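Enquirer: This structure is in structure tokens; I'll ask about it shortly.
The values are calculated or read from the model by the stated rules, or taken from the named source; none is laboratory data. Being a predicted model, the structure only gives us computed values, none of them experimental. Please note: Cβ atoms are built from the backbone with ideal geometry, for glycine as well, and neighbour counts cover all protein chains shown. Accessible surface is based on the protein model in full, side chains and every heavy atom, while ligands, DNA and RNA are left aside. Shrake-Rupley method; radii C 1.70, N 1.55, O 1.52, S 1.80 Å.
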Amino acid sequence: SRRAIPWTGDAWQWFGQAQAYGYATGQSPRPGAIMVTWESGWGHVAIVEAVNPDGSWLVSEMNFVGWGVVSQRTLRPGRVSLIGFIY
């Protein structure tokens, strides 16, 4: 609910949908970007809150640790099944 998006579909489809709508995408985290991963059978999306000097990034997300639960976690490059970031 923090970013307005014009597409629908499972989370893993968001990266390609964003490209089709002309959104900038890439492989580097930026604050405010939507992270798209292969986590779960439907993929997963989260919002990048901050990028740390060591290259890790903090995300806010919902439904990762439990249904309806909002949580945060810090991720490191190469340790998540990343599809990409939507800027």
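Enquirer: Count, please, the residues in segment 46-87 that happen to be touching a Pro at 6+ places or on another chain (Cβ under 6 Å), farther than 10 Å from Met35 by Cβ and open to solvent by less than 30 Å² (accessible area, probe 1.4 Å).
Expert: Within segment 46-87, residues that are touching a Pro at 6+ places or on another chain (Cβ under 6 Å), farther than 10 Å from Met35 by Cβ and open to solvent by less than 30 Å² (accessible area, probe 1.4 Å) number 1.
Enquirer: Turning to a different aspect of this structure: Just give me the residues in segment 43-58 being in contact with a helix residue (DSSP H, G or I) (Cβ under 6 Å, 6 or more places away or on another chain) and among the hydrophobic types (A, V, I, L, M, F, W, C), in sequence order. First the steps, then the outcome.
Expert: Residues of segment 43-58 that are in contact with a helix residue (DSSP H, G or I) (Cβ under 6 Å, 6 or more places away or on another chain), as a first pass: 43-45.
Once the filter is applied, which keeps residues that are in contact with a helix residue (DSSP H, G or I) (Cβ under 6 Å, 6 or more places away or on another chain) and among the hydrophobic types (A, V, I, L, M, F, W, C), segment 43-58 yields only Val45.
Enquirer: Cβ-Cβ under 8 Å, sequence separation 6+ or interchain: first residue in segment 21-37 and small (Gly, Ala, Ser), partner assigned to a loop (DSSP other than H, G, I, E, B) and modelled with pLDDT of 95 or more. Which pairs?
Expert: Ala24/Tyr87; Gly26/Tyr87; Gly32/Tyr87; Ala33/Tyr87
Enquirer: Where residues in segment 17-44 are out of contact with any strand residue (DSSP E or B) (no Cβ under 8 Å at 6 or more places or on another chain) and of a type in the set (Ser, Thr, Tyr), which of them is surrounded by the fewest Cβ atoms within 10 Å (Cβ to Cβ)? Before the answer, list the steps.
Expert: Filtering segment 17-44 down to residues out of contact with any strand residue (DSSP E or B) (no Cβ under 8 Å at 6 or more places or on another chain) leaves 17, 20-22, 39-42.
Subsequent filtering for residues that are of a type in the set (Ser, Thr, Tyr) retains 21, 40.
Numbers: Tyr21: 11, Ser40: 13.
Filtering segment 17-44 for residues that are out of contact with any strand residue (DSSP E or B) (no Cβ under 8 Å at 6 or more places or on another chain) and of a type in the set (Ser, Thr, Tyr), the one surrounded by the fewest Cβ atoms within 10 Å (Cβ to Cβ) comes out as Tyr21.
Enquirer: Among the residues of segment 26-49, which ones are within 12 Å of Leu82 (Cβ to Cβ) and either in contact with an Asp or Glu (Cβ under 8 Å, 6 or more places away or on another chain) or not in a strand (DSSP E or B) (or both)?
Expert: Passing the criteria: Gln27, Ser28, Pro29, Ala33, Trp38, Glu39, Gly43, His44, Val45, Ala46.
Enquirer: Continuing with the same structure: Do any residues in segment 63-75 that are more than 21 Å from Val51 (Cα to Cα) have Cβ atoms under 9 Å from those of residues that are open to solvent by less than 80 Å² (accessible area, probe 1.4 Å) and hydrophobic (A, V, I, L, M, F, W, C), where the two are at least six apart or on different chains, and which pairs are they?
Expert: If the second residue must be open to solvent by less than 80 Å² (accessible area, probe 1.4 Å) and hydrophobic (A, V, I, L, M, F, W, C), the pairs left are Asn63/Val69.
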